[in-house]
Amino acid sequence: MRVRFDVIRFIAAFFGGTNIATYKNASDILPADLLRELQRYVDGDTVYVPSCSETAWGEKSGGRQRLRERNDEIRALYAESVPIGELSRRFYLSEDSIRKIIKNKS
């Protein structure tokens with residue numbers, strides 16, 4: 001399991017991500033009565049608990065900005081007559097994804 005986590009950490013670092021999912025044992029951080037109540041619903045399963053912060057997806061990590069810049073680059077290249085097939089290969093996206101990016105100007 002340790003190797004898998006190291007691989008995930010490497011991939012995230014390579015692509016500029018810094019937020020690696022970390023898991024905490026609920027018995028270490030929750031009161032016993034709350035833990036028992038949670039176990040009634042999700043006994044042994046992994047549960048994602050969203051943050052209370054108002055920050056939108058990708059704002060903290062910069063992922064949203066990187067996608068915006070990538071999509072802007074795709075639109076600019078398309079405007080310069082780079083074919084959709086070439087954009088698909090260059091950005092490792094399907095042609096349908098490229099079309100959606102070009103269509104959505106935001």
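The values are calculated or read from the model by the stated rules, or taken from the named source; none is laboratory data. Quick caveat: nothing in here was measured; it's all calculated off a predicted structure. Note that we place each Cβ from the backbone using ideal geometry, even for glycine, and neighbour counts take in every protein chain shown.
Take the conditions (1) among the charged types (D, E, K, R); (2) modelled with pLDDT of 85 or more; (3) surrounded by 10 or more Cβ atoms within 10 Å (Cβ to Cβ); Arg9 misses just one of them, which is (2). Within the stretch 31-71, the set of residues being touching a helix residue (DSSP H, G or I) at 6+ places or on another chain (Cβ under 6 Å) and at positive phi comprises just one member, Gly58.
Quickly run through the stretch 39-70 and pick out the residues that are farther than 29 Å from Ile101 by Cα, modelled with pLDDT under 80 and of a type in the set (Asp, Glu). Within the stretch 39-70, just Asp43 meets the criteria. Have a look at Leu35, Leu67, Leu87, Leu77 and point out the one that is more than 18 Å from Lys105 (Cβ to Cβ) and of a type in the set (A, V, I, L, M, F, W, C). Checking each option against the conditions leaves just Leu35.
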